[in-house]
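Read the structure below first, then the notes.
The values are calculated or read from the model by the stated rules, or taken from the named source; none is laboratory data. Source: prediction; values computed, not measured. All Cβ positions, glycine included, derive from the backbone under ideal geometry; neighbour counts span all protein chains shown. SASA here: full protein model, heavy atoms, side chains in, ligands and nucleic acids out. Shrake-Rupley method; radii C 1.70, N 1.55, O 1.52, S 1.80 Å.
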Amino acid sequence: MPSGGQRKHTISNKTRKRPGKDLDQIHDDLKPEKAAKLLQQEVDYDLPGNGQFYCIECERHFIDEKTRQLHRKTKLHKNRVKTLKEVPYTQAEANAAGGSGFFPAITMKTRIELPTQPDVPVLVEESERK
């Protein structure tokens, strides 16, 4: 405990910083029609780099292309891309998890179908047949 009330009224950085977009909103931004619009923004003099160098995954503006390329090599960007590879939950999946309604065929969250193996005939020896 700090003595003398040194840190009595401090606020953590988490509450002070502005919250960004949620992952499902960023996932929507990655769709081709929205991504093209975000990458070809109009010049805005209030944004870094006049709004021309934008990272969609991290929702950040950069001052030039070199800085954006350096950012793409960082752990922060790579982790964000890794988290965005997961498919976000749909409302139907949320309702099924909450127990409201009847949803007989809800798939896995990742929606990855395993490849089917070709039918291979199994050789059965004569000793096993009897």
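Points worth noting:
- Check on Gln40, modelled with pLDDT of 90 or more and not small (Gly, Ala, Ser): no
- Those residues of segment 44-83 which are acidic (Asp, Glu) and on the phi > 0 side of the Ramachandran plot, in sequence order: Glu59
- Scan of segment 48-104 for residues that are part of a helix (DSSP H, G or I) and in contact with a His (Cβ under 8 Å, 6 or more places away or on another chain), ordered by number: Pro48, Gly49, Gly51, His71, His77, Leu84
- Members of segment 80-101 that are polar (S, T, N, Q) and either within 19 Å of Cys58 (Cβ to Cβ) or surrounded by 14 or more Cβ atoms within 10 Å (Cβ to Cβ) (or both): Thr83, Thr90, Asn95
- Residue list for segment 56-96, filter: of a type in the set (Asp, Glu) and out of contact with any Gly (no Cβ under 8 Å at 6 or more places or on another chain): Glu57, Glu65, Glu86, Glu93
- Filter pass, Lys73 being of a type outside the set (Val, Ile, Thr) and at pLDDT 90 or above: yes
- Of the residues making up segment 38-47, those that are assigned to a loop (DSSP other than H, G, I, E, B) and either of a type in the set (A, V, I, L, M, F, W, C) or surrounded by 14 or more Cβ atoms within 10 Å (Cβ to Cβ) (or both) are Gln41, Val43, Leu47.
- Total residues in segment 54-76, condition open to solvent by less than 50 Å² (accessible area, probe 1.4 Å) and closer than 16 Å to Asp29 by Cα: 6
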